[in-house]
Amino acid sequence: MVTSVEPANGTGTPGETAPLLVFLAATLSGHMAPVLHIAREMMKRGFGAAFLSSAEFKESIEQLGAEFWETAPVVDEALAAERKKTPLGPERLIFDFQKCWIPALPRRHQQLKSLLETVRRRDPTRKIIVVPEVMSLAALPFVLGAPLPEGFTAFPPTVALNVIPLIVTSVDTAPFGVGLPPDATESGRQRNQLLNKLVYAPLGPVNKQFQACLAELGCTRKLDSFLFDTFSDSYDTTFQMCSASFEYPRSDLAPNIRFAGVLPHRGLNPDLAYPSWWAEITENAVHPEGSETRASRKKVVAVAQGTIATSYDELILPTIQALAKRTDIIVIAILGVRGASLPGPLPSNVRVLDYFPYDAVLAHADLFVTNGGYGSCTHSIINGVPMVVGGITEDKVEVTARAEYAGLAVNLRTQTPSADAIAAAVDKVLGNPAYKTRAERLRLENADLDPLSIIERQIRSYAKGL
């Protein structure tokens with residue numbers, strides 16, 4: 001799709017053909033959703049877009065007006081059962097990279113190459129900016145010196161997006177995956193150095209496999225860092241999609257890694273179908289602080305486990321049990337799967353949604369109980385809602401640690417917290433106004449950053465050759 005660019009924030013040139021943004025993202029909903037959000041907004045601002053993703057997201061991409069290019073899902077169906085049997089923690093991480101991410105890289109790289117060659121032949125003069133989500137990996141070989149696609153004398157500028165916690169080695173932080181807070185003291189740095197050696201040693205074969213894969217693809221740049229660092233520090237610019245307050249401070253952070261902030265509300269679908277009991281929630285919300293009727297307002301506690309971890313006995317059911325007798329609380333359980341339900345009977349203060357936008361619920365919530373997905377935390381931040389978090393799968397041990405470090409959440413530090421532990425954590429957050437104050441400060445901090453404009457300005461700067 002070719003459009004004409006009008007000036008945006010004073011950076012466009014009337015009549016100039018819009019630069020084409022080539023978006024790439026890991027084919028997982030938590031990675032795709034924020035990139036789709038950014039793609040949508042960039043297209044509103046005059047850019048064209050092509051998107052390399054799996055068939056699962058074809059409709060969502062084409063609804064934007066972007067050109068869809070197909071690649072395979074991250075986890076092949078043939079590997080899904082084996083992956084599920086692999087223990088959580090380092091073993092699962094090693095499995096994912098050795099069996100899923102690295103073996104798929106050559107094919108994804110070739111698919112990106114074909115995409116770029118096609119759009120170059122279509123319009124040889126059109127400026128192209130590649131916008132990879134860091135875990136997509138497909139563009140990485142090119143920036144590391146792999147042979148260029150036909151029609152290019154240099155690889156296009158890259159504006160990468162990191163929609164998970166930063167996975168970079170630092171003298172000030174423990175290695176990714178151990179869930180420890182940063183420590184830049186002398187003893188802390190000694191701790192970090194020791195833990196890096198202990199944690200990364202088992203990943204040595206993964207690192208070698210990754211480097212061998214890059215060599216086979218013709219990469220000429222020698223990697224002096226661990227593979228995780230390469231994901232973020234290799235691009236022209238990498239935007240971390242949060243404010244600095246939701247990450248660990250690092251004195252040695254690569255200068256190309258910048259904080260853009262949490263993405264703003266996308267807005268709710270005007271045709272969104274609300275449940276029959278929704279009026280209870282909106283009527284409960286009309287008792288503002290300081291009003292005579294405030295005492296009659298019930299606290300609203302939302303609980304969700306995302307769209308991947310759907311064993312509801314891990315967090316949702318224990319939360320319901322923990323708060324079952326609380327007449328001062330309404331619990332809204334969001335199941336994350338269309339058509340899903342919970343076994344009854346349920347306590348009278350519980351309301352259940354199968355699949356529903358978090359933002360619609362969090363606009364009225366006092367607390368969000370989640371298993372610590374990055375997307376869940378960012379939704380809490382943009383709504384100014386404090387959290388209780390509990391999760392150790394995927395990157396969740398690091399997400400929950402950051403939520404705790406930022407003062408946003410109580411961290412349960414387990415995948416399967418007891419009802420008693422949840423009840424105590426809920427009381428702690430609701431009983432201490434510091435959590436709400438911190439959540440509100442994070443909301444304002446991210447709103448002030450204006451991440452979409454930050455991304456747009458960088459893209460336009462590269463399109464101008466700056």
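The values are calculated or read from the model by the stated rules, or taken from the named source; none is laboratory data. All values derive from a computational prediction rather than experimental measurement. Cβ sites come from the backbone with ideal geometry, for glycine too, and all protein chains shown count toward neighbours.
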Within the stretch 153-168, can one find any residue that is modelled with pLDDT of 95 or more, within 30 Å of Glu117 (Cα to Cα) and small (Gly, Ala, Ser)? yes
Hey, can you tell me all the residues within the stretch 383-397 that are at pLDDT 95 or above and touching a Pro at 6+ places or on another chain (Cβ under 9 Å)? Val388
State whether the residues of the stretch 264-271 include one that is without any contact (Cβ under 8 Å) to a residue 40 or more places away in the chain, over 30 Å from Ala160 (Cα atoms) and part of a loop (DSSP other than H, G, I, E, B). yes
The residue from Ser296, Ser311, Ser276 that alone is within 24 Å of the chain's Cα centre (by Cα), farther than 29 Å from Asn446 by Cα and of a type in the set (Gly, Ala, Ser) is Ser311
Those residues of the stretch 182-206 which are under 22 Å from Pro141 (Cα atoms) and surrounded by fewer than 18 Cβ atoms within 10 Å (Cβ to Cβ) amount to Gly204, Pro205
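For every residue, the table says whether it meets (1) touching a helix residue (DSSP H, G or I) at 6+ places or on another chain (Cβ under 7 Å); (2) of a type outside the set (Gly, Ala, Ser); (3) not assigned by the TED database to the domain that holds Tyr405.
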| site | (1), (2), (3) |
| --- | --- |
| Ser170 | no, no, yes |
| Pro182 | no, yes, yes |
| Pro205 | no, yes, yes |
| Gln211 | no, yes, yes |
| Leu227 | yes, yes, yes |
| Met241 | yes, yes, yes |
Residues (assigned to a helix (DSSP H, G or I), more than 18 Å from Leu115 (Cα to Cα) and either touching a residue at least 12 places away in the same chain (Cβ under 8 Å) or of a type in the set (Ser, Thr, Tyr) (or both)) located in the stretch 43-63: Met43, Glu56, Ser60
Residue list for the stretch 338-358, filter: under 19 Å from Gly306 (Cβ atoms) and surrounded by fewer than 12 Cβ atoms within 10 Å (Cβ to Cβ): Arg338, Gly339, Ser341
Failed condition for Pro87, given (1) of a type outside the set (Phe, Trp, Tyr); (2) surrounded by fewer than 17 Cβ atoms within 10 Å (Cβ to Cβ); (3) under 20 Å from the mean Cα position of the chain (by Cα): (3)
Please name all residue pairs, on different chains or six or more residues apart, with Cβ atoms under 9 Å, provided the first residue is in the stretch 298-325 and is acidic (Asp, Glu) and the second residue is buried (at least 23 other Cβ atoms within 10 Å of the Cβ) and outside any strand (DSSP E or B). Glu314/Gln305; Glu314/Asn371; Glu314/Gly390; Glu314/Gly391; Glu314/Pro417
Taking Ala138 as the residue in question, decide whether it is in a loop (DSSP other than H, G, I, E, B), surrounded by fewer than 17 Cβ atoms within 10 Å (Cβ to Cβ) and among the aliphatic types (A, V, I, L, M). no
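Return yes or no: is Lys436 part of a helix (DSSP H, G or I), surrounded by 15 or more Cβ atoms within 10 Å (Cβ to Cβ), assigned by the TED database to the domain that holds Tyr374 and over 18 Å from the mean Cα position of the chain (by Cα)?
Here the answer is yes, as Lys436 does meet what is asked.
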Which condition number does Val429 fail, the rest of (1) touching a Lys or Arg at 6+ places or on another chain (Cβ under 6 Å); (2) not assigned by the TED database to the domain that holds Phe259; (3) not aromatic (Phe, Trp, Tyr) being met? (1)
Please find, among Ser251, Ser341, Ser245, Ser232, the residue that is of a type in the set (S, T, N, Q) and outside the structural domain of Ile454 (by the TED database). Ser341
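For the stretch 74-97, check the following and say yes or no: at least one residue is assigned to a helix (DSSP H, G or I) and modelled with pLDDT of 95 or more.
No: the stretch 74-97 contains no residue that is assigned to a helix (DSSP H, G or I) and modelled with pLDDT of 95 or more.
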Confirm whether Ala423 is without any contact (Cβ under 8 Å) to a residue 40 or more places away in the chain and surrounded by fewer than 24 Cβ atoms within 10 Å (Cβ to Cβ). no
Of the numbered conditions (1) under 17 Å from Ser234 (Cα atoms); (2) within 28 Å of the chain's Cα centre (by Cα); (3) among the hydrophobic types (A, V, I, L, M, F, W, C), Ile128 satisfies every one except a single condition; which is it? (1)
Scanning for something surrounded by 18 or more Cβ atoms within 10 Å (Cβ to Cβ), part of a helix (DSSP H, G or I) and touching an Asp or Glu at 6+ places or on another chain (Cβ under 7 Å), does the stretch 30-38 turn up at least one residue? yes
Would you be able to say whether some residue in the stretch 281-291 is more than 30 Å from Gln458 (Cβ to Cβ), assigned by the TED database to the domain that holds Met387, hydroxyl-bearing (Ser, Thr, Tyr) and under 22 Å from the mean Cα position of the chain (by Cα)? no
Candidate set: the stretch 407-420, residues that are without any contact (Cβ under 8 Å) to a residue 40 or more places away in the chain and not in a loop (DSSP other than H, G, I, E, B); chosen: the one surrounded by the most Cβ atoms within 10 Å (Cβ to Cβ): Ala409
